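A quick write-up on the structure given underneath.
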Amino acid sequence: MTTTRTQVCIIGAGPAGLLLGQLLHKAGIEAVILERRSAEYVLSRIRAGVLEEGTVGLLDRAGCGARAHAEGLRHEGVNLSFDGRLHRIDLAAATGGKSVLVYGQTEATKDLMDARAAEGLVTHYEAEEVEPHDFDTDRPFVTFAQGGATQRIDCDVIAGCDGYHGVSRPSVPDDAIRTYERVYPFGWMGILADVPPVEEELIYANHERGFALCSMRSRARSRYYVQCPLDDKVEDWSDDRFWDELRRRLPAATAEAVTTGPSIEKSIAPLRSFVAEPLRFGRLFLAGDAGHIVPPTGAKGLNLAASDVHYLADALTAFFLERDAGALERYSERALARVWKAVRFSWWFTSMMHVFPDQGAFGQKIQEAELDYLTGSDAATTSLAENYVGLPY
Ligand code: APR
Ligand code: PHB
């Protein structure tokens, strides 16, 4: 078995692991990343695409924000659709000038990967059987297999950035971790198509047939979703059926303006809220989807991964450069305080926008009253806006 040594062994090369690797490198801390998949596979995953200003700031700090600034679309507002028309929320007016940047997670991931490669930093892709060990001591290590040979990495700290289905969280003893979960009784059927977006800004639509979302990746590429039953299959949704259903859930004038075209990707995603507590177990730290999941309503997943990484990079910098072990102890509490607020917001936005099996006519009326209140009251608008653009770190 080959044994090597590093300061931080990061499991997972999604946005959380890559961003952490980059921030640590800038701070002069050495890290190795182990990723189960190939780089091509990681880049083929289609995910959300709305970045908070804090997330963009972290990409800048990591030295890879240039393309996001050049190619991302700055949105100062977002539309809610209900009652047969669009209601624009002026995010900038409600938040003292803040906005979000529409830039695909895939693109941000690619920028992080390119920066890592340019610095010559080590990432082991297609690493199998990754396993964290002895993180209840101050000499943890990680083993993995590659090309039939087992390797061992000795380190000071393990960062579990391996997503919801990763190995880090399940390696913690059951009695040391508590989890909180809500599974929603519907999914999102999403398509990507090379057609211009129907509106300049996103549209979140509440409709008696179910939720719909009009989003985009660029001025020439649209991303649309419709709420669907959990047992639907992608094969049930021809492009024609999708476009018809989307248009039925939008105001008439908007529906007429939708440009349709062949889908280039189609998938169904379930919706879930999930939080693990704590996020630190001795020398093992969870960040991003490894520690929590939010439903996509509000696009908080990637942004939460980024804020975790911000707190974790801070803690590790204090630990390695200032020998401040207390910083490691504070990570979980600091990160979770922000996580729970985003979990609350995503749950609330999901609850307000979707048709639930048991909601009935009363439930629909309550949603409409809430939407009317939200768009008619400055206080309520500000509350939505400050959460949507991202709470401060
Ligand atoms: N060993 C090594 N790598 C693993 C393992 C394992 N056992 N299990 C999973 N991974 C890798 C996955 O292949 C993936 O590339 O960990 C990475 C986790 O990345 P993400 O799932 O993208 O999670 P994260 O980096 O926390 O980013 C959160 O991405 O998943 C979206 O909606 C989510 O937008 C949010 C953001
Ligand atoms: C997306 O563009 O994929 C997207 C945008 C906003 C969301 C969720 C997904 O809330």
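The calculated Kirkwood hydrodynamic radius for the chain is 21.8 Å, given to one decimal from all distinct C-alpha pairs.
Report, in debye and to the nearest 20, how large the dipole of the chain comes out about its Cα centre when Lys and Arg carry +1 and Asp and Glu carry -1 on their Cβ.
Working: 41 positive and 56 negative charges, 57 e Å.
Rounded to the nearest 20 debye, it is 280 debye.
Pairs of C-alpha atoms in segment 1-53 farther apart than 16 Å represent 52 percent of all such pairs. Given their separation in residues at 0.36 nm each and the Cα-Cα distance between them, residue 356 and residue 126 gain 78.8 nm when the chain is fully extended.
Absence of a disulfide-compatible partner, taken as no other cysteine beta carbon within less than 4.7 angstrom, is noted in the chain for 64, 161, 214, 228. If R0 equals 25 Å, the separation of the Cβ atoms of residue 70 and residue 393 corresponds to a calculated FRET efficiency of about 0.50. Computed on segment 1-124, with alpha-carbon pairs under 8 angstrom and 6+ residues apart, the relative contact order is 31 percent. Carbon and sulfur: what percent of the chain's accessible surface (1.4 Å probe)? The nonpolar share, carbon plus sulfur, comes to 49 percent. The alpha carbon centroids of segment 83-157 and segment 333-393 are separated by 27 Å. On full extension, the segment bounded by residue 236 and residue 272 gains 10.7 nm, given 0.36 nm per residue less the C-alpha separation.
First measure r as the distance between the Cβ atoms of residue 348 and residue 209, then evaluate 1/(1 + (r/R0)^6) with R0 = 25 Å and state the FRET efficiency to the nearest 0.05.
Numbers: r = 22 Å, r/R0 = 0.86.
Efficiency computed from Cβ-Cβ geometry: 0.70.
Every helix of 4 or more DSSP H residues in the chain counts as -39500 (n - 2.57), and over all residues that averages to -11500 deg cm²/dmol at 222 nm. Taking the Cα-to-Cβ direction at residue 45 and at residue 264 and moving 7 Å from each Cα, how far apart do the two end points lie in nm? Simple spin-label model gives 2.1 nm for this pair. Entry comment: accessible area of the chain is 43 Å² per residue, from protein heavy atoms only and a probe of 1.4 Å. Only one residue of 133, 91, 168 has its Cα farthest out toward the positive end of the dipole of the chain, where Lys and Arg carry +1 and Asp and Glu -1 on Cβ, and that residue is 91.
Here the Kirkwood formula puts the hydrodynamic radius of segment 266-320 at 12.5 Å, using every distinct Cα pair.
Note on segment 11-146: the C-alpha convex hull projects to 11.7 nm² when averaged across all orientations.
The values are calculated or read from the model by the stated rules, or taken from the named source; none is laboratory data. In this text the structure is predicted, and so the values were computed from the model without any measurement. A quick note on method: Cβ atoms are made from the backbone with ideal geometry, for glycine too, and the neighbour counts reach across all protein chains shown. Accessible surface areas use protein heavy atoms only, side chains included; no ligands, DNA or RNA. Shrake-Rupley method; radii C 1.70, N 1.55, O 1.52, S 1.80 Å.
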